[in-house]
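Here's the structure, in structure tokens; my notes come after.
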Amino acid sequence: MSGTSEHIVIVGAGAAGLIAARALARAAKRVTILEARDRCGGRIQPLPVSQFGYAADGGAEFVHGEAPITRGLLREAGLSLQAIEGAQWSFDGTKLLREQRDDPHEAELHAALGHLKDDLTVAEFLRRHFAGDAYARMRRSIERMVEGYDAADPERASTLALREEWMDGGHHTQGRIVGGYGALIAFLAAECRKYSVEIRLNCVVTEIEQDGGAAKVRCADGEMLPCDNVILTVPLPLLREIALPQPAREKAARAADIGFGNVIKMLLRFNAPWWRDRTKDLTFLLSDKAIPVWWTQRPSEHHVLTGWFGGPRTAELAGLDPPALIEAGIGSLAAIFGLPRNDLARDVVAAVATNWAHDPFARGAYSWATPQSRAAQSVLARADGPVLFSGEALYRGRDMGTVEAALASGLETAGLLLRG
């Protein structure tokens with residue numbers, strides 16, 4: 001079919017779904033987006049300005065590296081990017097230290113990575129090349145990065161997929177969108193509507209049926225939508241919750257070869273920026289406390305600390321509801337800074353905590369690569385039937401798991417249909 005008679009249903013109004021919808025609608029396709037939430041954005045979760053004093057992000061927050069698609073959209077939308085500033089600090093259990101990034105074994109690490117031909121898991125790579133006591137600090141630093149930043153399991157995560165990140169020492173640029181990621185999502189949603197995309201919120205997809213070379217999409221309320229193609233942009237764990245036709249189900253099974261991690265994220269707004277008394281230039285703070293990673297909004301002066309706990313060990317806090325998570329966060333800060341817990345608690349003006357594993361439409365945070373992921377992504381990204389898969393988990397570039405990855409995958413999937 002061609003022209004406006006072709007109907008494409010996109011499941012999920014996150015970054016991948018919205019940008020794919022815009023690309024298809026611009027090419028005169030009829031597009032319907034079905035979104036389970038009552039808002040667009042998916043794992044981008046804008047928080048009210050009234051709560052934190054600025055457009056805070058409860059989900060995705062940073063723009064990583066070059067991110068050409070993201071930056072292009074920001075220019076289109078008239079939005080700006082603010083580079084983060086400041087220093088990384090750490091708490092060693094007794095004192096706060098301004099971190100020095102130089103590691104005496106960095107050259108050895110780079111050499112071992114450079115010579116690596118066959119992929120290994122991170123844990124196996126470290127056991128083979130850096131097993132001695134002399135490397136304990138470097139091993140811990142790498143494991144902490146893999147678990148916290150990548151939300152990955154070192155026993156399953158691909159070393160080759162992370163090699164470039166390690167080779168530059170994690171020095172690639174990071175920034176935040178002025179107005180938050182929510183402003184970018186609002187722009188994309190408005191663009192979709194401008195091109196006559198129908199966006200249906202509160203619509204949970206339960207089943208997709210193949211109907212010859214076309215498809216039918218069933219929603220939880222019983223409604224059935226016939227269409228020519230379906231693009232599934234939901235997070236990987238949600239694929240198990242949607243009944244799929246046999247060919248698509250077999251492809252979706254390959255998602256088991258792609259890692260998917262969890263994140264607990266909280267934002268605490270205080271009456272005063274008390275941490276500046278001890279750490280004037282603080283951007284990131286690392287520790288081994290219950291909520292181990294914190295950051296400020298530098299260079300902005302908001303009185304907000306963001307807490308972060310990523311990776312498989314988040315299961316340790318699975319039984320905590322949001323108020324209990326906030327208590328754990330306050331307790332972590334009190335221990336790190338040596339301050340009375342009750343004093344900090346009294347100083348909190350606003351607080352939000354999300355365990356993304358508990359979100360029914362995410363079941364976690366974002367994907368990461370195993371040694372088997374590239375082959376699985378190649379299978380999932382094929383347009384060989386009416387059901388297509390898209391999203392950050394299918395991105396084969398460097399910054400898998402990011403909003404840029406979702407945007408790139410969405411555009412790639414739309415391109416497959418337009419060229420097909």
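The values are calculated or read from the model by the stated rules, or taken from the named source; none is laboratory data. Note that the structure is predicted; figures quoted are calculated from it, not measured. In this analysis, Cβ positions are derived from the backbone assuming ideal geometry, glycine residues included, and neighbour counts consider all displayed protein chains.
Return the residues of segment 396-417 that are among the charged types (D, E, K, R), under 14 Å from the mean Cα position of the chain (by Cα) and part of a loop (DSSP other than H, G, I, E, B); say none if nothing qualifies. Walk me through how you get there before you give the answer.
In the first step, residues of segment 396-417 are kept if they are among the charged types (D, E, K, R); the result is 396, 398-399, 404, 412.
If we keep only those that are under 14 Å from the mean Cα position of the chain (by Cα) as well, we get 398-399, 404.
Within segment 396-417, Arg398, Asp399 meet the criteria.
Give Arg98, Arg75 a once-over and let me know the one that is basic (Lys, Arg), in contact with a strand residue (DSSP E or B) (Cβ under 7 Å, 6 or more places away or on another chain), more than 27 Å from Ala351 (Cβ to Cβ) and loosely packed, with under 13 Cβ neighbours inside 10 Å. Step through it out loud before you land on a result.
On the way: Arg75 fails: in contact with a strand residue (DSSP E or B) (Cβ under 7 Å, 6 or more places away or on another chain).
None of the other options fit; the residue is Arg98.
Look through Ala152, Ala189, Ala157 and report the one residue that is more than 18 Å from the chain's Cα centre (by Cα), among the aliphatic types (A, V, I, L, M) and surrounded by 18 or more Cβ atoms within 10 Å (Cβ to Cβ). Spell out the reasoning first.
Numbers: Ala152 fails: more than 18 Å from the chain's Cα centre (by Cα); Ala157 fails: more than 18 Å from the chain's Cα centre (by Cα).
Matching residue, one of Ala152, Ala189, Ala157: Ala189.
Looking at segment 84-114, which of its residues are farther than 30 Å from Leu339 by Cβ and within 26 Å of the chain's Cα centre (by Cα)? Quick ask: steps written out before the conclusion?
Step one: list which residues in segment 84-114 are farther than 30 Å from Leu339 by Cβ, which gives 102-114.
Answer for segment 84-114, where residues must be farther than 30 Å from Leu339 by Cβ and within 26 Å of the chain's Cα centre (by Cα): just Leu113.
Give just the number: which of (1) part of a strand (DSSP E or B); (2) touching a residue at least 40 places away in the same chain (Cβ under 8 Å); (3) not assigned by TED's automatic domain parsing to the domain that holds Trp295 does Leu24 not satisfy?
(1)
Determine whether segment 48-63 contains at least one residue that is of a type in the set (Asp, Glu) and surrounded by 15 or more Cβ atoms within 10 Å (Cβ to Cβ). Can you show your working first?
Step one: of segment 48-63, the residues of a type in the set (Asp, Glu) are 57, 61.
From what is left, the residues that are surrounded by 15 or more Cβ atoms within 10 Å (Cβ to Cβ) are 57, 61.
So far as segment 48-63 goes, yes, one or more of its residues are of a type in the set (Asp, Glu) and surrounded by 15 or more Cβ atoms within 10 Å (Cβ to Cβ).
Give the residue, chosen from Ile264, Ile291, that is among the hydrophobic types (A, V, I, L, M, F, W, C), under 19 Å from the mean Cα position of the chain (by Cα) and part of a loop (DSSP other than H, G, I, E, B).
Values: Ile264 fails: part of a loop (DSSP other than H, G, I, E, B).
On inspection, the qualifying residue turns out to be Ile291.
Could you please let me know if Pro237 is more than 30 Å from Glu155 (Cβ to Cβ) and either assigned by TED's automatic domain parsing to the domain that holds Arg382 or not basic (Lys, Arg) (or both)? Spell out the reasoning first.
On the way: more than 30 Å from Glu155 (Cβ to Cβ): no; either assigned by TED's automatic domain parsing to the domain that holds Arg382 or not basic (Lys, Arg) (or both): yes.
So Pro237 fails the test.
Which one of Ser300, Ser332 is among the polar types (S, T, N, Q), under 23 Å from Ala55 (Cβ atoms) and outside the structural domain of Thr233 (by TED's automatic domain parsing)?
Values: Ser332 fails: under 23 Å from Ala55 (Cβ atoms).
Unique residue meeting the criteria: Ser300.
For segment 333-355, give me each residue that is in a strand (DSSP E or B) and among the polar types (S, T, N, Q).
So the first thing to find is which residues in segment 333-355 are in a strand (DSSP E or B), and the list is 348-355.
Residues satisfying the conditions are Thr354, Asn355.
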